[in-house]
Amino acid sequence: MAGDASLRIDSEFFQKRYLKNQLLLEHANALPLKSKLESLRSFGAYSLCNELNFVSAGIPFVRCLDMREGTVDFSNAQYIDEASNRLLWKSEVTKGTVLLSMSGSIGNVALAFPSWPYPVNSNQDIAKIRVDRSMDPAFLYAFFLSRHGQIQLDRFKVGSVQQHIFMWQIENLLIPRFSERFEKAVSTVVAKTEHTKQEAIATFQEAEKTLLNLTGLDLPLAEDKNTASKSFSESFAASGRLDAEFYQPKFDELFKRIRENAAYVKTVGEMETFNARGLQPVYDEHGTLAVI
């Protein structure tokens, strides 16, 4: 059993939901991940962090905070140069690698899809998992995202403030095995999901480009001016704002372009049919209704 390798005796580790989940996995012919591993890498020595050279544009350097909802958000990624990437050969991410967060938000997972902007590297808190040919990495990725995968990851994390999961624990995670046809079907769904996502991103970007072009906002706003002169009636009397940030010239230019290029302009208040804050619910200790 996977729990035998943990040397844990605390009651938290032996909660009923954890034990029930383990039994379900064992009945599904689950095997420890290490029996299917091609490689499991982290980062190497932490001292390597001192050798990194971060640049404004280069090779994406994925952090745990960039991983959420089963994917990696590259929009706010940090970048390293080629020399740093060669130094961190253990943490380079290649196509088909499953990424698993080992610190902070344990259980965040991602799959390195062909659409990623390779080469890609990652920090010391992300495990890089590559499985052998008998297992599709997309199936492993889908399992980690599933309820049963997340319960197992939640069980193994340790630490009171900053939580962690270690490499030897990852090796002992139980992975269920099903028929080749079923696992292939799961992998196909994962691939279609990523394809649909990329199509949606491209469509949104095209829509955004069209909107900016029609409203005259496709050209950058002037950033060279950082002062503005406003009368009382044009400033505080109209907006109730006294902070200088609110009156930057680029905002005036933005509104001017919209009015000049749009057939008509309305505020949200002129179009809305309903606008209200939610009410604070009365919580019931034994209730079952989820509240967002």
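The values are calculated or read from the model by the stated rules, or taken from the named source; none is laboratory data. Keep in mind that what you see is a predicted model, and the values were worked out from it rather than measured. Glycine also receives a Cβ, built like all others from the backbone with ideal geometry; neighbour counts cover every protein chain displayed. The area values use the complete protein model at the heavy-atom level, side chains included, leaving out ligands, DNA and RNA. Shrake-Rupley method; radii C 1.70, N 1.55, O 1.52, S 1.80 Å.
Would it be correct to say that residue 75 is surrounded by fewer than 17 Cβ atoms within 10 Å (Cβ to Cβ), farther than 25 Å from residue 57 by Cα and either out of contact with any strand residue (DSSP E or B) (no Cβ under 7 Å at 6 or more places or on another chain) or not hydroxyl-bearing (Ser, Thr, Tyr) (or both)? Here the answer is no, as residue 75 does not meet what is asked.
Could you say whether any residue in segment 226-240 is at pLDDT 85 or above, over 16 Å from residue 254 (Cα atoms) and either touching a helix residue (DSSP H, G or I) at 6+ places or on another chain (Cβ under 7 Å) or acidic (Asp, Glu) (or both)? Checked segment 226-240: at least one residue is at pLDDT 85 or above, over 16 Å from residue 254 (Cα atoms) and either touching a helix residue (DSSP H, G or I) at 6+ places or on another chain (Cβ under 7 Å) or acidic (Asp, Glu) (or both). Within segment 261-283, the only residue that satisfies the criterion of being surrounded by 10 or more Cβ atoms within 10 Å (Cβ to Cβ) and not aliphatic (A, V, I, L, M) is 261. When you check residue 34 against the structure, is it over 26 Å from the mean Cα position of the chain (by Cα), open to solvent by 30 Å² or more (accessible area, probe 1.4 Å) and among the basic types (Lys, Arg), yes or no? When the stated conditions are applied, residue 34 does not pass them.
Considered as a group, the residues in segment 162-208 that are of a type in the set (Lys, Arg) and under 24 Å from the mean Cα position of the chain (by Cα) include one that is farthest from residue 148 (Cα to Cα), and that residue is 197. The set of residues in segment 175-210 being closer than 22 Å to residue 113 by Cβ, among the basic types (Lys, Arg) and open to solvent by less than 90 Å² (accessible area, probe 1.4 Å) consists of 197 alone. Which one is farthest from residue 210 (Cα to Cα), of the residues in segment 247-278 that are part of a helix (DSSP H, G or I) and among the basic types (Lys, Arg)? That would be 250.
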